[in-house]
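A.B. asks: I have a structure here, written as C-alpha cells, and I will follow up with some questions on it.
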Amino acid sequence: MGRSYYVDEAVETYFTKIIQQEKPYVTGLLIGHCSMQRDYVVLAVQTPQKDDQGEVPEKRAGPSKLDDIDEEWISIHASQVNRMLPGGLLVVGVFLITSPQLSKDSQNALRKLIFAIDKSSKKNRLWNLDENDVTDRVAVHVCSASKKNTCRTFDITDPKSTAKPADWKYQNTPSPWLTIDCNVHVDLTVSLSSCSTYQEKQKCTRQGLTQWAKELENAVILFNGQVKDSDGDLVEEQKKSRSVAHSSPQVISANILVSSNSFNRSTALVQACKSSLRIQGDVKCRGFVSNNKPKVKDAVQAIKRDLLNTISDRCEIMFEDIILNGSQHESGNELCPLPQRVFVPIPGSNIMLCDYVFGDETEEDLQNRFLEMLDQEVYYKALAFVEETNNKDTNENEHELPHDSHEPEKPSNEETHTVKKGGSTKLQQNMGLLMAAAVVLLAALISLHYLNE
C-alpha cells in the first residue's frame with residue numbers, strides 16, 4: 001500500500017487558479033511535512049518565470065514540449081524555497097499541470113525533477129538523512145482539462161526507483177500543528193586558512209560549519225524544561241485534548257544543551273590560519289510538527305535542522321551578497337551583519353514561512369521576494385520580527401573596527417528591525433534567479449579577524 005498525502009484545500013484552489021491560465025504546462029513545488037505516521041502538503045508554488053523566458057508557446061513542431069522543462073532552473077528555485085522553510089517543513093515533491101496532449105510524458109518529466117531537486121538540495125546541507133526520515137517524494141500530475149490528478153512517489157535514495165502509487169486526499173480544514181520555539185546563543189569561530197578570495201572563504205566556512213554541526217548531533221533538547229524520551233509522545237494526552245478543545249495553536253518551548261567536550265578531545269586543537277570568521281549572536285529557531293500523535297524525535301529533528309539551516313543559509317546569503325555586489329572592505333578587520341530572520345504566517349494556518357533581510361532592503365524587496373519565490377502576497381503588518389539586535393555586544397566590538405569599517409545600522413527604540421518602506425527593489429540574483437534574503441537585523445554578527453602570520 002502506498003503513502004497517503006493529506007492536502008490542504010488551499011492547494012486545490014491554487015491548482016484551479018493555475019489551470020485557468022490555460023498554459024500547455026506549469027511546473028511547481030509541493031511544500032509540507034513528512035513523518036512515519038502521515039504526510040502533509042500545505043502549500044504549492046509554481047516555478048517563477050525566467051527574465052529571458054517568454055510565454056510557453058502554444059504550438060511547436062518537434063519533440064514533446066515537456067523536453068523544454070529547465071531542470072536546473074527548477075532546482076535553483078527549490079534551493080531558494082528551502083531557505084524560506086522553518087524546521088519540520090520541506091519540499092516534499094513536485095507537481096506538473098499539463099494539457100491532455102502532454103499527459104503521456106508527465107511521469108518521466110516528474111521523475112527527472114524529483115531527483116534533480118534532491119541532488120541540488122544536498123550541496124550545502126549540514127545534516128544527513130537518518131532512519132527517522134521518509135525518503136519518498138511525491139510527484140503529482142494534474143490534467144488541465146479533466147482536473148484529474150495522478151499521484152505517485154519515488155524513493156530519492158534509490159536512483160533506479162520506480163513510481164509507486166499514492167493517495168492524494170484533500171481536506172476541508174487545515175491540519176493542526178504544534179509550534180516549537182527555541183532561542184539559541186551561537187558563538188563559533190571558523191578557521192579560514194589560505195583563503196584569499198571570498199569564494200574560498202565561503203568554501204572554508206561551509207567546512208567549518210560542517211564540523212560545528214557534528215557537535216549538535218548528541219545535543220540534548222529540553223521541551224518545556226523537561227527531558228523526554230525520544231520515542232515518547234511530545235505532548236501529554238491531557239494537554240492534547242485540551243488544546244484541541246480550545247482550537248488554539250500550541251507552542252512548546254525548547255532549549256538546546258550542547259556538551260563542552262563533544263569531540264572528546266583531551267588536548268587543545270592547534271591550527272595555523274591566515275584569518276578567522278566569528279559568528280556570534282542570538283538565533284530564533286522555530287519548528288513545526290503535526291499535532292497528530294507527535295513524537296519527541298520529530299520535534300528534536302525539526303529544531304536541530306532549523307538551527308543548522310538558518311546559520312548556514314545566512315552565511316551563504318552574506319557571501320552571495322559580497323560576491324555579487326562587491327565588498328566594501330578589502331583589508332583590515334570587518335564587522336558584517338548577517339541577514340536577519342523574519343516570519344510570516346501561511347493564510348489559514350498557524351504554520352509560518354521565513355525569510356532573511358539586510359538592513360538596507362525595503363518592504364518592497366521583501367514583498368517581491370515572497371511573491372516570486374512562494375507566490376504569496378505578504379503584508380508588512382503580518383511580519384513577525386522575532387530577533388532583537390544586541391546593542392551591548394555591538395558596542396563592545398566597536399573598538400575592533402578601523403575608522404573606515406562599516407558599522408551595522410542600529411534599530412530605533414520602537415522597533416528592532418531596519419527594513420525600510422518604499423524605495424527601489426534590490427533583489428539579489430543567483431544564476432539569473434531573482435532572490436536573496438529578507439528581513440530583520442539579528443544579533444548574529446560576523447567579524448573577519450585578519451591575524452598576523
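A.B. asks: Give me the net charge of residue 165's neighbourhood, meaning all other residues with Cβ under 15 Å from the Cβ of residue 165; Lys, Arg count +1, Asp, Glu -1.
C.D. replies: With Lys, Arg at +1 and Asp, Glu at -1, the net is +3.
A.B. asks: Per residue of region 153-161, what does 6.51 cos²θ - 1.76 cosθ + 1.60 with θ = phi - 60° give for ³J(HN,Hα)? Whole Hz please, x for Gly and Pro, Karplus curve as stated.
C.D. replies: My calculation for region 153-161 gives 10, 10, 8, 6, 7, 10, x, 9, 4 Hz in order.
A.B. asks: Another question about this same structure. In whole Hz, with x marking every Gly and Pro, tabulate ³J(HN,Hα) for region 111-127 from phi via Karplus 6.51 cos²θ - 1.76 cosθ + 1.60, θ = phi - 60°.
C.D. replies: Once rounded to whole Hz, the list reads 4, 4, 5, 4, 6, 5, 5, 5, 4, 5, 5, 7, 4, 10, 6, 8, 10.
A.B. asks: Let me ask you something else. At a probe size of 1.4 Å, how large is the accessible area of residue 204, to the nearest 10 Å²?
C.D. replies: 20 Å²
A.B. asks: While we're here: Let me check I've understood the local charge: for residue 192, count other residues with C-beta under 11 angstrom from its C-beta, Lys and Arg +1, Asp and Glu -1. What total comes out?
C.D. replies: Spelling it out: positives minus negatives among the neighbours equals +3.
A.B. asks: Quick check on packing: order 97-105, 38-46 by the mean number of other C-beta atoms within 10 Å, highest mean leading. Let's see the in-between values first.
C.D. replies: On the way: 97-105: 17.3, 38-46: 22.9.
With the highest mean Cβ count within 10 Å placed first, the list reads 38-46, 97-105.
A.B. asks: Moving on. With θ set to phi - 60° and the Karplus curve 6.51 cos²θ - 1.76 cosθ + 1.60, what are the ³J(HN,Hα) couplings of region 20-33 in order, to the nearest whole Hz, using x for Gly and Pro?
C.D. replies: Per residue, the Karplus-derived 3J(HN,Hα) values read 5, 6, 6, 9, x, 7, 9, 9, x, 10, 10, 10, x, 9 Hz.
A.B. asks: Past the 25 Å Cα-Cα mark, which pairs from 104/160; 119/293; 169/304?
C.D. replies: Table pairs above 25 Å Cα-Cα are 119/293; 169/304.
A.B. asks: Further question: Taking a ≥ b ≥ c as the square roots of the eigenvalues of the Cα gyration tensor of region 127-224, is the shape rounded (a/c under 1.5), prolate (a/b larger than b/c) or oblate?
C.D. replies: Here region 127-224 falls in the prolate category.
A.B. asks: While we're looking at this one, here's another question. Sort 22, 316, 372 from largest to smallest accessible area, using a 1.4 Å probe on the heavy atoms of the protein chains.
C.D. replies: Numbers: 22 145, 316 15, 372 40 Å².
The residues order as 22, 372, 316, largest area first.
A.B. asks: Can you give me the relative contact order of region 144-224 as a percent, contacts being Cα pairs under 8 Å and 6 or more apart?
C.D. replies: Details: 32 pairs, mean separation 12.5, N = 81.
About 15 percent, as a whole number.
A.B. asks: What number comes out for the charge environment of residue 182, summing +1 per Lys or Arg and -1 per Asp or Glu over other residues with Cβ under 13 Å away? Walk me through the numbers on the way to the answer.
C.D. replies: Numbers: positive: 284, 286, 304, 305, 341; negative: 181, 282, 306, 387.
It works out to a net charge of +1.
A.B. asks: Then there's this: Going by the alpha-carbon gyration tensor, a ≥ b ≥ c the square roots of its eigenvalues, is region 114-158 rounded (a/c under 1.5) or, if a/c is not under 1.5, prolate (a/b greater than b/c) versus oblate? Display every interim value, and only then the final one.
C.D. replies: Numbers: a/c = 3.77, a/b = 2.23, b/c = 1.69.
Note, shape of region 114-158 comes out prolate.
A.B. asks: Would you grab the residues whose amide H sits under 5 Å from the one on residue 170? Only those 5+ places off in sequence or on another chain, please, with H modelled 1.01 Å from N.
C.D. replies: It is 7, by chain and number.
A.B. asks: Would you mind working out the magnitude of the charge dipole of region 83-222 relative to its Cα centre, with +1 at each Lys and Arg C-beta and -1 at each Asp and Glu C-beta, to the nearest 20 Debye?
C.D. replies: In debye, rounded to 20, region 83-222 gives about 780.
A.B. asks: So, one more: So what is the relative contact order for region 1-42, in percent, with contacts set as C-alpha pairs under 8 Å and at least six apart?
C.D. replies: About 57 percent, as a whole number.
The values are calculated or read from the model by the stated rules, or taken from the named source; none is laboratory data. Please read all numbers here as calculations on a predicted model, not as lab measurements. Backbone-built Cβ (ideal geometry, glycine too); neighbour counts: all protein chains shown. To get the accessible areas, we keep the full protein, side chains included, count just its heavy atoms, and leave off ligands, DNA and RNA. Shrake-Rupley method; radii C 1.70, N 1.55, O 1.52, S 1.80 Å.
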